[in-house]
Amino acid sequence: MDLSVVIPIYNEEENIQLLYDRLSAVMQGMGVSYEFMFVNDGSKDKSLALIKDLAAVKPEVKYIDFSRNFGHQIAVTAGLDRVVGDAVVIIDADLQDPPELIPDMYARMKAGFEVVYARRKKRKGESWLKLATAKWFYRILARITSVEIPVDTGDFRIIDRKVLDVLKDMPEKNKYLRGQIAWIGFRQTYIEYERQERHAGETGYTFRKMLRFALDGITGFSDFPLKIVTYFGFMVTAFAFLVAVYVLYSRFVSGNYVQGWSSLMISLLFIGGVQMIAIGIIGEYLSRMNNNVRNRPLYIIRESNVD
Ligand code: UDP
Ligand code: MG
């Protein structure tokens, strides 16, 4: 098998057929042997039925059906766990990532790269809030991690079997695949493209999912938030020391020490806030450690036509 394509599916009933048609045309044009791995991540619409209809007549269509919604990164991971190709493409089902780029990516890979990712020059049809938060998130992440995670890049990419085998062995439960793949190394390159609008349906990434995903990216690849809390602790302590000198001076030398309610309240609130933030940051790391220690299965499969 030359090429496997992993496609996470969450409520994509209006996109599956067109995606299949476009992907098939591309694959046939390339003249490679291929399989499509659809991972149904607890869709509430007819996605699963459509995939099974396809699988019934098309031998290259494989599917995994989750017991519930586990999230995009986990759906991709499950697909990666079961594909057999020498190379694998990860692509969204909503046609925001044009399948027609795959031959280009494949050619780049054949020219000597183990990872070819697609970098968005433009993103169409997404809210300014999403564009702005994504833009800043990737830039901040790039600054605070030691791994070079490419900016403006999703999971749309092709990876070689060598990279896939390492990826499958990485034990973390909180998946941030684009970071993990960057961390793995090998020779990586990119092509640029204009990200299209969603063909139909609506985004499965709610604000909560995006926030959790962003925190997975940060906590998985950086200790900077923990360090900044430490620096802040030192700064506040140093400042408190200066204030203490001033307080002692007022009390014993100048004798002017009755007032001070405002300064007391401000420092009280300030210290309280800083401590809460610090505990919250530690909590984010701790909850992820906890998640890994529990060691529950990453996903649960209801049915599948592969083993
Ligand atoms: N997806 C998924 N599980 C989820 C949310 C999304 O498998 O909980 C899939 C979705 O069907 C699509 C891909 O992940 O194929 C990207 O999701 P989406 O297009 O909703 O995200 P966006 O492009 O808006 O960031
Ligand atoms: Mg999308």
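The values are calculated or read from the model by the stated rules, or taken from the named source; none is laboratory data. Worth saying up front: this structure is predicted, and the values here are computed from it rather than measured. Glycine gets a Cβ as well: all are built from the backbone with ideal geometry, and neighbour counts include every protein chain shown. Just so you know, the surface numbers come from the protein's heavy atoms only, side chains and all, with ligands and any DNA or RNA stripped out. Shrake-Rupley method; radii C 1.70, N 1.55, O 1.52, S 1.80 Å.
A compact table of results
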| read-out | value |
| --- | --- |
| Test for GLY220: is it of a type outside the set (D, E, K, R) and surrounded by 13 or more Cβ atoms within 10 Å (Cβ to Cβ) | yes |
| Among the candidates ASP81, ASP155, residue that is within 16 Å of ligand 2 (Cβ to nearest atom) and touching a Lys or Arg at 6+ places or on another chain (Cβ under 8 Å) | ASP155 |
| Which listed residue is open to solvent by less than 60 Å² (accessible area, probe 1.4 Å), out of contact with any strand residue (DSSP E or B) (no Cβ under 7 Å at 6 or more places or on another chain), in contact (Cβ under 8 Å) with a residue 60 or more places away in the chain and at negative phi, from THR189, THR145, THR133 | THR145 |
| Count of residues meeting criterion [under 30 Å from LEU95 (Cα atoms) and not β-branched (Val, Ile, Thr)] in segment 199-253 | 19 |
| Complete set of residues in segment 59-78 that are among the polar types (S, T, N, Q), closer than 15 Å to ARG178 by Cα and within 16 Å of ligand 2 (Cβ to nearest atom) | GLN73 |
| Residues of segment 100-112 satisfying the condition of being in a helix (DSSP H, G or I) and either open to solvent by less than 40 Å² (accessible area, probe 1.4 Å) or in contact (Cβ under 8 Å) with a residue 12 or more places away in the chain (or both) | GLU100, LEU101, ILE102, PRO103, ASP104, MET105, TYR106, ARG108, MET109 |
| Candidates TYR231, TYR257, filtered to the one that is among the hydroxyl-bearing types (Ser, Thr, Tyr), open to solvent by 80 Å² or more (accessible area, probe 1.4 Å) and not in a helix (DSSP H, G or I) | TYR257 |
| Some residue of segment 196-205 being at positive phi, within 16 Å of ligand 1 (Cβ to nearest atom) and open to solvent by 30 Å² or more (accessible area, probe 1.4 Å) | yes |
| Pair list, Cβ < 8 Å and 6+ apart or interchain, from segment 284-307 residues that are part of a strand (DSSP E or B) to residues that are among the basic types (Lys, Arg) | SER304/LYS62; SER304/ARG82 |
| Unique match (being in contact with a strand residue (DSSP E or B) (Cβ under 9 Å, 6 or more places away or on another chain), aliphatic (A, V, I, L, M), under 21 Å from PHE207 (Cα atoms) and not in a helix (DSSP H, G or I)) among ALA75, ALA93 | ALA93 |
| Among the residues listed as ALA87, ALA93, the single one being in contact with a helix residue (DSSP H, G or I) (Cβ under 8 Å, 6 or more places away or on another chain), within 14 Å of ligand 1 (Cβ to nearest atom) and of a type in the set (Gly, Ala, Ser) | ALA93 |
| Any chance PHE70 is open to solvent by less than 40 Å² (accessible area, probe 1.4 Å), within 26 Å of LYS175 (Cβ to Cβ) and touching a helix residue (DSSP H, G or I) at 6+ places or on another chain (Cβ under 6 Å) | no |
| Residue in segment 163-171 that is assigned to a loop (DSSP other than H, G, I, E, B) and more than 16 Å from ligand 1 (Cβ to nearest atom) present | yes |
| Selected residue (only one of VAL115, VAL61, VAL39 is touching a strand residue (DSSP E or B) at 6+ places or on another chain (Cβ under 9 Å), closer than 17 Å to THR153 by Cβ, among the hydrophobic types (A, V, I, L, M, F, W, C) and open to solvent by less than 10 Å² (accessible area, probe 1.4 Å)) | VAL115 |
| Total residues in segment 151-184, condition more than 20 Å from ILE74 (Cβ to Cβ) and open to solvent by 20 Å² or more (accessible area, probe 1.4 Å) | 5 |
| Selection count where residues are surrounded by 12 or more Cβ atoms within 10 Å (Cβ to Cβ) and without any contact (Cβ under 8 Å) to a residue 24 or more places away in the chain, scope segment 234-245 | 1 |
| Any hit, segment 22-34, residues being in a loop (DSSP other than H, G, I, E, B), without any contact (Cβ under 8 Å) to a residue 40 or more places away in the chain and open to solvent by 10 Å² or more (accessible area, probe 1.4 Å) | yes |
